[in-house]
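All of the numbers you see were taken from the coordinates with simple rules; none came from a lab. Keep in mind that this is a model prediction, so the values were computed, not measured. Glycine gets a Cβ as well: all are built from the backbone with ideal geometry, and neighbour counts include every protein chain shown.
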Amino acid sequence: MSHVLPVYARCDLTFTRGEGVYLFDAAENRYLDLAAGIAVNSMGHSHPALVKALKEQGEKLWHTSNMYQIDGLEALATKICDATDFADYVFFCNSGAEAVEAGLKMIRKYQHGVGNPNKFRVITFEGAFHGRTLATISAAAKPKVLEGFEPAVDGFDKVPFGDLDAVEAAIGEHTGGILIEPVQGEGGVRVCSAEFLQGLRKLCDRHDLVLMFDGVQCGMGRTGKFFSHEWTGVSPDITSSAKGIAGGFPLGACLVNERVGKHMTAGSHGSTYGSNPLAVAVCAATMEVMLADGFLEHVVKVGDYFTHQLQQLAQEFPEMVQEVRGRGLMIGLRVATDSKDFVEKLRKKHVLTAPAAENVVRFLPPLILEEKHVDEGIAAIREVCKELMG
Ligand SMILES: *Cc1c(COP(=O)(O)O)cnc(C)c1O
């Protein structure tokens with residue numbers, strides 16, 4: 001028997017090395033990676049600058065403790081905050097779920113701090129995904145994910161996606177905040193409209209609620225902005241981040257403005273591994289690449305090209321390709337078949353993607369993707385469409 005807890009349905013594929021947008025198995029078969037470990041390998045595989053940072057730091061120091069100052073931490077936090085339109089503080093942890101948890105605690109702590117300890121409830125949305133801890137599965141409240149783990153953590157009120165009236169109606173005397181992904185990932189690459197997020201901001205301002213975005217998947221350059229909410233002109237109070245933030249080194253972060261963040265005083269939260277020197281070094285190297293001139297513009301350009309090519313496929317195969325949606329290099333293709341089946345057929349053609357809800361095939365490639373890689377992927381997608389259309 002396998003001694004690995006059987007919580008994953010793994011396919012029968014083992015990769016032994018990666019280079020740029022490609023992964024290789026032991027027999028040196030090459031796969032085009034258009035999923036990047038679910039939006040994680042933002043700089044592709046084995047990016048020289050990230051490898052260098054990891055090696056250099058690995059030979060110096062891995063872990064000390066948050067009891068001490070950490071070399072590079074202050075500079076990294078400053079660089080990240082300066083790259084946003086709202087953040088004054090960053091809390092570093094190790095994963096997306098932890099980053100969301102930190103944000104949820106910040107919402108409660110803020111309301112407590114301003115004299116509203118009873119405003120502990122948070123409004124969340126159908127189709128949401130925020131991680132797998134008890135609080136984050138309770139926040140997303142998807143019955144299948146909660147099954148067997150009840151009772152859910154109290155304090156979440158779920159409303160339909162994109163329905164501003166439903167949000168307003170759900171605001172009660174115990175509501176303290178709103179949590180939303182500006183672009184839903186697992187939910188099927190559903191983009192929140194600017195009007196909707198603007199509406200949420202107004203409601204938060206009117207009722208003194210904390211607006212929290214979950215940018216774990218759609219942030220860190222994925223849509224061609226550092227955080228995707230920058231497309232909408234709306235600033236949150238809190239944003240969670242992880243996945244692409246350190247190109248594959250496990251790291252999460254929760255960004256917050258001063259108004260909310262100042263209530264998180266010494267001893268109110270923490271993490272043993274969080275902000276360890278190795279993670280800080282690799283994240284700093286990732287930020288160096290991501291925030292360099294022209295990088296995010298490249299994401300927009302290649303993303304537009306990718307989307308355009310997919311739209312052409314939609315015209316070629318209107319019965320199979322029903323919709324192309326997303327932004328930048330976070331793209332969803334809604335297909336008229338089981339998206340898991342579509343993903344598997346693409347994998348057989350050595351192109352890696354990820355399924356999402358609503359029969360969506362998700363493309364979350366490394367942000368260093370080029371048009372020639374898009375062409376390679378599109379050729380395989382066309383083949384799969386042809387096969388499926390018989
Ligand atoms: C992946 C994801 C998470 C959870 O991240 P983990 O690192 O798996 O804990 C949270 N929110 C969103 C939007 C995600 O896509």
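Where q = 0.06 Å⁻¹, what log10 of I(q)/I(0) comes from the Debye formula for the chain, counting one point per Cα?
For the chain, the Cα-only Debye profile gives -0.23.
Normalised by the residues of the chain, what does the relative contact order come to in percent, with Cα pairs under 8 Å and at least six apart?
Averaging sequence separation for qualifying contacts and normalising by length gives 23 percent for the chain.
Give me the net charge for the shell around L209: Cβ to Cβ below 15 angstrom, other residues only, Lys and Arg +1, Asp and Glu -1. Spell out each step's value before the answer.
On the way: positive: R108, K109, K119, R121, R201, K202, R206, R259; negative: D157, E168, E173, D205, D208, D237.
Taking every other residue near L209 into account, the sum is +2.
Using the alpha-carbon centroid of each, what span in Å lies between region 340-376 and region 52-99?
Taking the Cα centre of region 52-99 as reference, the centre of region 340-376 is 31 Å away.
Taking a virtual spin label 7 Å from the Cα of S193 along the C-beta vector, which residues in region 161-187 bring their backbone nitrogen under 17 Å of it?
Counting backbone N atoms under 17 Å from the label point, the list is 161-168, 182-184.
With label points built 7 Å along Cα→Cβ from the Cα atoms of T78 and A292, find their separation and express it in nm.
Going from the T78 label point to the A292 one covers 2.2 nm.
Multiplying the sequence separation of H263 and K386 by 0.36 nm and subtracting their Cα-Cα distance, what value in nm do you get?
Details: separation 123, 0.36 × 123 = 44.28 nm, distance 5.71 nm.
Net length gain for the segment: 38.6 nm.
Go ahead and estimate [θ] at 222 nm for the chain from helices alone: -39,500 (n - 2.57) per DSSP H run with n ≥ 4, summed, over the residue count, rounded to 500.
Value at 222 nm, helices only, nearest 500: -11500 deg cm²/dmol.
Would you mind ranking L352, L5 by Cβ crowding within 10 Å, fewest neighbours first?
The order, fewest Cβ neighbours first, is L5, L352.
Sorting check: for 22-33, 373-384, which peptide has the highest mean count of neighbouring beta carbons within 10 Å, and how do the rest follow?
Ranking the peptides 22-33, 373-384 by packing returns 373-384, 22-33.
Can you classify region 1-152 as rounded, prolate or oblate using the Cα gyration tensor, where a ≥ b ≥ c are the square roots of its eigenvalues, rounded means a/c under 1.5, and otherwise it's prolate if a/b beats b/c and oblate if not?
Because a/c hits 1.5 or more and a/b fails to exceed b/c, region 1-152 counts as oblate.
Taking θ = phi - 60°, what integer Hz values does the Karplus form 6.51 cos²θ - 1.76 cosθ + 1.60 yield along region 164-177, in sequence order, with x for Gly and Pro?
Residue by residue, region 164-177 yields 5, 4, 5, 5, 4, 5, 7, 6, x, 5, 9, 6, x, x Hz.
Given H placed 1.01 Å from N in the peptide plane, which residues other than close sequence neighbours of T337 have an amide H under 5 Å from its amide H?
Distant-sequence amide H within range of T337: zero hits.
Sequence-distant or interchain residues sharing an amide H contact under 5 Å with K158, placed H: which?
Answer set, sorted by chain and number: T124.
Name the residues whose placed amide hydrogens come within less than 5 Å of the amide hydrogen of N116, ignoring near sequence neighbours (fewer than 5 apart) on the same chain.
Hits under the 5 Å cutoff: none.
Between L13 and A152, what is 0.36 nm times their sequence separation minus the Cα-Cα distance? Round to one decimal in nm.
Additional length available on full extension: 46.5 nm.
Read phi for every residue in region 97-103 and hand back ³J(HN,Hα) as whole Hz from Karplus 6.51 cos²θ - 1.76 cosθ + 1.60, θ = phi - 60°, with x for Gly and Pro.
Here the 3J(HN,Hα) series is 4, 5, 5, 5, 4, 4, x Hz.
Looking at the chain only, what percent of DSSP beta bridges run antiparallel? Nearest 5 please. Present the calculation step by step, with values, prior to reporting the outcome.
Working: 32 of 49 bridges.
Taking every DSSP beta bridge within the chain, about 65 percent pair in antiparallel fashion.
In sequence order, what are the phi-derived ³J(HN,Hα) couplings for region 131-142 according to the Karplus relation 6.51 cos²θ - 1.76 cosθ + 1.60 with θ = phi - 60°, rounded to whole Hz, with x for glycine and proline?
Result, ordered by residue: x, 10, 6, 4, 5, 6, 6, 6, 5, 6, 6, 8 Hz.
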